[in-house]
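The values are calculated or read from the model by the stated rules, or taken from the named source; none is laboratory data. Everything quoted here is computed from the prediction, not taken from an experiment. Positions of Cβ are backbone-derived with ideal geometry, glycine not excepted, and every protein chain shown enters the neighbour counts. To get the accessible areas, we keep the full protein, side chains included, count just its heavy atoms, and leave off ligands, DNA and RNA. Shrake-Rupley method; radii C 1.70, N 1.55, O 1.52, S 1.80 Å.
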Amino acid sequence: MKFFIDTADIDEIREAISMGMCDGVTTNPSLVAKTGKTFKQVIDEVVGLVDGPVSLEVTTTTYDEMMSQARELAGFGDNVVVKLPLTPAGLKACQTCFKEGIATNVTLCFSPSQALLAAKAGATYISPFVGRLDDVSTEGMKLIEDIVTIYDNYDFETQVLVASIRHPQHVVEAALMGAHVSTMPMK
Ligand code: E4P
């Protein structure tokens, strides 16, 4: 299983790389804001440093604006993965990105049916949020099991990227279920 580091902090990324634990990075606008740097500064630092996929999230909700941001973000490096929300507009943008050869991480997935839609739209990665499901008294890891089964049943190429991880046991369970990637905070 691949380990992605869920951070925009360059020191944390360097630390993970030094231990051989960084197969990629996922960011979101909150993580970027925490660094105190501009989005452009973070992109320049992280995209060049990481030898693997770097997810950068769009910050808008309409299809046209998502595609405009997606094309701009994709221009920052071959390893950029455009993070799109799992909404109707996000799925439409996902399908267009697929046709244009732009890698995508469809995020904020909370159900197997949403994961099926994302795979059909051509998502490179699907990000189910296990911790946030646990937060509302729903078994987050059951969602991973269901998505892995559905994708296996139909040979979808979309990779299961387990997100919103809260503790090491989430990672172990994800590995046992055959998820492709876990993204987690450095700590
Ligand atoms: C992943 O890409 C997300 O940024 C992240 O896992 C969200 O986790 P949270 O629920 O701890 O905010």
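Using a Gaussian network model on the chain with a 10 Å cutoff between Cα atoms, which of 140, 20, 48 fluctuates the most?
Highest fluctuation of the listed residues: 20.
Rounded to the nearest 20 Debye, what is the dipole magnitude of segment 69-187 about its Cα centre when Lys and Arg each give +1 and Asp and Glu each give -1 at the C-beta?
360
What does the charge count near residue 158 come to, summing +1 for each Lys or Arg and -1 for each Asp or Glu among other residues with Cβ under 13 Å from its Cβ?
Value of the local net charge: -2.
Which one of 119, 54, 33 has its Cα pushed farthest toward the positive end of the charge dipole of the chain, where Lys and Arg give +1 and Asp and Glu give -1 at the Cβ?
So the residue we want is 33.
For segment 104-170 and segment 1-61, what is the centre-to-centre distance using only Cα atoms, to the nearest Å?
20
Using only DSSP helix segments of four residues or longer, with each worth -39500 (n - 2.57), what per-residue ellipticity at 222 nm results for the chain after dividing by its residue count and rounding to 500?
Helices in the chain give a 222 nm mean residue ellipticity of -14500 deg cm²/dmol.
HN-Hα J couplings of segment 170-176 from phi, Karplus 6.51/-1.76/1.60, θ = phi - 60°, integer Hz, Gly and Pro as x?
4, 5, 4, 5, 4, 5, 4
Determine Rg/Rh for the chain; Rg is computed over alpha-carbon atoms and Rh is the Kirkwood hydrodynamic estimate from the same atoms.
Dividing the radius of gyration by the Kirkwood radius yields 0.94.
In Å and whole numbers, how far do the C-alpha atoms of segment 65-158 stretch along each principal axis, longest first?
39, 29, 24
Treating the beta-carbon of each Lys and Arg as +1 and of each Asp and Glu as -1, no other charges, what is the dipole magnitude of segment 53-127 about its Cα centre, to the nearest 20 debye?
Using only the charged Cβ atoms, the result is roughly 240 debye.
Name the residue from 159, 108, 144 whose Cα lies farthest towards the positive end of the charge dipole of segment 77-187, charges +1 on Cβ of Lys and Arg and -1 on Cβ of Asp and Glu.
108
If you take the C-alpha gyration tensor of segment 138-181, multiply each eigenvalue by 5 and take the square root, what semi-axes do you get, largest first, in whole Å?
Taking √(5λ) for each Cα gyration eigenvalue gives 18, 10, 8 Å.
As I understand it, the dipole of the chain uses +1 on the Cβ of Lys and Arg and -1 on the Cβ of Asp and Glu, about the Cα centre. Which of 20, 186, 128 lies farthest toward its positive end?
128
Pairs on different chains or at least eight residues apart, Cα atoms closer than 22 Å: how many lysine pairs in segment 35-157 fit?
For segment 35-157, qualifying lysine pairs total 8.
With a point put 7 Å past each Cα toward its Cβ, work out how far residue 186 is from residue 172 in nm, to one decimal.
Going from the residue 186 label point to the residue 172 one covers 2.5 nm.
Could you tell me what percent of the accessible area of segment 48-187 is made up of carbon and sulfur, with a 1.4 Å probe and every protein chain present?
That fraction is 53 percent.
How much accessible area per residue does segment 1-159 have, in Å², with a 1.4 Å probe?
Heavy-atom accessible area per residue stands at 49 Å².
Quick query: amide H of residue 81 versus all other amide H atoms, modeled in the peptide plane; which residues come in under 5 Å with a sequence gap of 5 or more or a different chain?
Residues meeting the criterion, in which the H sits 1.01 Å from N, are 54, 55, 56.
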